[in-house]
Each structure stands twice: as structure tokens, then as C-alpha cells.
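Only one structure is covered here, and it is reproduced in the block below.
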Amino acid sequence: MVLDEPGLSLREADVAAPTLGSGQVLLRVRACGVCRTDLHVVDGELPSLDRPLIPGHQIVGTVEARGGAVGTLSVGDRVGVPWLGWTCGECRFCRTGRENLCPEARYTGYQIDGGYAELAVADARYCFPIPPGYPDQQAAPLLCAGLIGYRALRMSGEGERLGLYGFGSAAHIVIQVARHQGRRVFAFTRAGDAEAQRFALDLGASWAGDSAAPPPQPLDAAILFAPAGELVPAALRAVDKGGTVVCAGIHMSDIPTFPYRILWEERVVRSVANLTRRDGEEFLALAPQIPVRTEVRAYPLADANVALSDLRAGRIRGAAVLTVGPTRPP
Ligand SMILES: [Zn+2]
Ligand SMILES: [Zn+2]
């Protein structure tokens, strides 16, 4: 499914199989999660690339062929491919454990063709083994919603009372990790979205309500998954002194001006950008221990535009996943 240019629907197309380079693996895609970032790419809210691209950065696939110099993976291995597809390894960010900030980084489903396809190539060093026990579809959302959600949770600090704004793919995973860590979770949804609020309560939220509503108690931290800038001052008003507001998305509408007093008393606003491979290793080791269970709605690859519009409209409980070919049992 090809994006010819931002603003258009994806186009089903027969394209040449990707060429396999040194250090890369050719993957037979089994499933690919649909992420809010894919919508930002399709809608042209990220810098445009001036070439057609194949979106998708939550790829679960099996290794079909290996290029030269691939040391770790074997043909037949099941692996996951995340958003971070390549980094330089030499810049001051890469050398200090911050490869997520590498200025030369290349991202899957953006600079590198992604998983809305039957075949994909990936740099073997950026692939993760998928924990056994997760079917392909259920594993896919772990690769971005899970990984970046986990990074955002880490950045939110150790506080007990955690607010989650936007209860979609990432939040439905993060709540399970947060509950496992003994935190209490307060879920904020679009006004009147009773179904999402019920979903949050089913997953152990202490409270669920509209995003403009104050929580019953001040929060220690809040994570914003919804890309709506007006939630930043709303979340600042909801967090207690010393609280942190983490913006977890790659794009957000403009943040309205707000009075300094809602930031005062050492409240913090920060963003989370991308992921490091270490985030992936840590989260994919933790997920089966909890165990994190993902709720997915599956769409055939050719229905990628339907999946994107359902995501845009907030019609998905949990995560949307495209399925490609026969899925492999856990
Ligand atoms: Zn770098
Ligand atoms: Zn993503």
C-alpha cells in the first residue's frame, strides 16, 4: 500500500520486491500495526519526503533471506521491526545512549519503506526477536505503541497516580505496565466516549472521564497520547506540584498559551522522541512477564485506508493491525 504523496489515500500497487543490502534481512510480513504516526505521515504533518513511500513501522515478519554480514538472525526467525530503522552510531547522541535523537536516523515506514506490504527489508541490528507466546497480530502493537509507551512511562517518573490522555493503542498497553508497577491510572478520553472509558476501567483504571474534566485527585504525572495541544494545559492543571506532563506523540496541534502558575511549582512538560534499541529490549523482556495482552482489530492489508480512517475517527478499541498472508500460531 503506497503513499504517493501526503494527503492522498494509500494506493494498492504491485511494486518490485525490495533489494536486500549488506546487513539487512528480507522479511515476509505477517502483520503490521497501524500507528497514529502513520496518520501524521499520510496527512503530511511530518516533513514531506518527495517520493512515494510504504508506511508501517510495527512489523512482525519472518526472515526469508539474509544479506551479507548479518550475524544474528537466521532464515525463518520471527522478528519485529520498529520505527527506529537506522542510526549513524557515531554522533554525540548515538555515543551517549541517545540514538533516538540521532540527526542521521532513518525511520521505518518513512525514510525506509515499511510493513504495509508483503515484503520488507530491515537492518538486522534494529530488529527485535518477538517474545514467544504472542501471535503475530497481538505482537505488532508492542513494537511502537508498546515501546514508545514504555519510554513515555519511564519519562513520567515514579509517581503513583498516572493520567493517560487518549485511550488508544499505546494507553491500553501502558496501563497494564503501570498497574503491574503498582500505580493507579486515571484515563482521559474524548468527551462522551463511554466505550473508551469502559475499556480503561476494564483494564484496571481507577477512574475514567472526559479529557477536560479534573481527575478526582491531583496526578503525579500525565502522558499525552492524543495529538491535541490543548491537552497540555489541561494536563498541567491536573498534575500536582512537581508533576510531569509527557507528550508522547511525534506531532501535536499548537499548544495554547497558558498562565505560568500552572507550570509553577516545578511542574515539567517534556516530549518523548522515538526509541532506542535498549527501550525495545527492556520492554519486550517485560511484556511477557506481566503479561501484557494487546487487544487488536485486524484488517486485511488491502483495507489499510479503512484502518487509518477508523483510527482517525477513534473507532478502534485497542490497536488496529494489518494482516498479511497466513498468520503464524504462537
Ligand atoms: Zn547518530
Ligand atoms: Zn508508531
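Going by the structure shown, is ARG98 within 16 Å of ligand 1 (Cβ to nearest atom) and in contact (Cβ under 8 Å) with a residue 24 or more places away in the chain?
yes
Just one of GLY115, GLY133, GLY149 is farther than 28 Å from ALA17 by Cα, within 16 Å of ligand 2 (Cβ to nearest atom) and either open to solvent by less than 20 Å² (accessible area, probe 1.4 Å) or over 14 Å from the mean Cα position of the chain (by Cα) (or both); which is it?
Checking each option against the conditions leaves just GLY149.
With respect to the numbered conditions (1) over 29 Å from PRO132 (Cβ atoms); (2) at pLDDT 95 or above; (3) in a loop (DSSP other than H, G, I, E, B), which one is the sole condition not fulfilled by PRO47?
Every listed condition holds for PRO47 apart from (2).
Being open to solvent by 20 Å² or more (accessible area, probe 1.4 Å), of a type outside the set (A, V, I, L, M) and within 16 Å of ligand 2 (Cβ to nearest atom) is the requirement here; does ARG106 meet it?
It is true that ARG106 is open to solvent by 20 Å² or more (accessible area, probe 1.4 Å), of a type outside the set (A, V, I, L, M) and within 16 Å of ligand 2 (Cβ to nearest atom).
Restricting to strands (runs of 3 or more DSSP E) lying wholly in segment 225-330: which have 3 or more residues that are buried (at least 21 other Cβ atoms within 10 Å of the Cβ)?
In segment 225-330, the matching strands (runs of 3 or more DSSP E) lie at 239-247, 319-323.
How many of the residues in segment 25-35 are surrounded by fewer than 23 Cβ atoms within 10 Å (Cβ to Cβ) and either modelled with pLDDT under 95 or not basic (Lys, Arg) (or both)?
1
When you go through (1) more than 16 Å from ligand 2 (Cβ to nearest atom); (2) β-branched (Val, Ile, Thr); (3) over 20 Å from VAL272 (Cβ atoms); (4) open to solvent by less than 20 Å² (accessible area, probe 1.4 Å) one by one for THR19, which number turns out not to apply?
Result: THR19 fails condition (4) only.
In segment 74-89, which residues are closer than 19 Å to VAL272 by Cβ, among the β-branched types (Val, Ile, Thr) and not in a loop (DSSP other than H, G, I, E, B)?
none
Quick one: which residue in ARG51, ARG66, ARG78 is open to solvent by 70 Å² or more (accessible area, probe 1.4 Å), among the charged types (D, E, K, R) and under 23 Å from GLU281 (Cα atoms)?
ARG66
Consider ASP77 carefully, then state whether it is of a type in the set (D, E, K, R), closer than 19 Å to HIS40 by Cβ and away from ligand 1 (no atom under 11 Å from the Cβ).
Considered against the rule, which asks whether it is of a type in the set (D, E, K, R), closer than 19 Å to HIS40 by Cβ and away from ligand 1 (no atom under 11 Å from the Cβ), ASP77 comes out as no.
The values are calculated or read from the model by the stated rules, or taken from the named source; none is laboratory data. Just so it is clear, the model here is predicted, and its values are computed rather than measured. Neighbour counts run over all protein chains shown; Cβ positions are idealised from the backbone, glycine included. What goes into the accessible areas is simple: the full protein's heavy atoms, side chains included, and nothing from ligands, DNA or RNA. Shrake-Rupley method; radii C 1.70, N 1.55, O 1.52, S 1.80 Å.
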